[in-house]
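Comments concern the structure below.
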Amino acid sequence: MFKIFQKKQKEERLCEKYKKLMQRAYKAALYDKEKSDKLNSRARKILWELRRLDYREIDAWS
């Protein structure tokens, strides 16, 4: 019916989380390298999980 009532798939939730973490890591890199590295490593773990789940949209990112 409406898209707001549909539940998101696990892959879509992980994808959004990955994008948000990468944005935060990029912004943090301007003033705090250590925090940026931590955020980047968390994002990489999510990317590995997406690859393990064989999520098709990540091919455009890497």
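The values are calculated or read from the model by the stated rules, or taken from the named source; none is laboratory data. On a predicted model such as this, the values are computed, not experimentally measured, just so you know. Note that we place each Cβ from the backbone using ideal geometry, even for glycine, and neighbour counts take in every protein chain shown.
Do we have Tyr26 as of a type in the set (Phe, Trp, Tyr), surrounded by 12 or more Cβ atoms within 10 Å (Cβ to Cβ), in contact with a helix residue (DSSP H, G or I) (Cβ under 8 Å, 6 or more places away or on another chain) and modelled with pLDDT of 95 or more here? Answer is yes for this residue.
Residues in the stretch 10-38 that are of a type in the set (Ser, Thr, Tyr) and over 25 Å from Arg51 (Cα atoms): Tyr31 alone.
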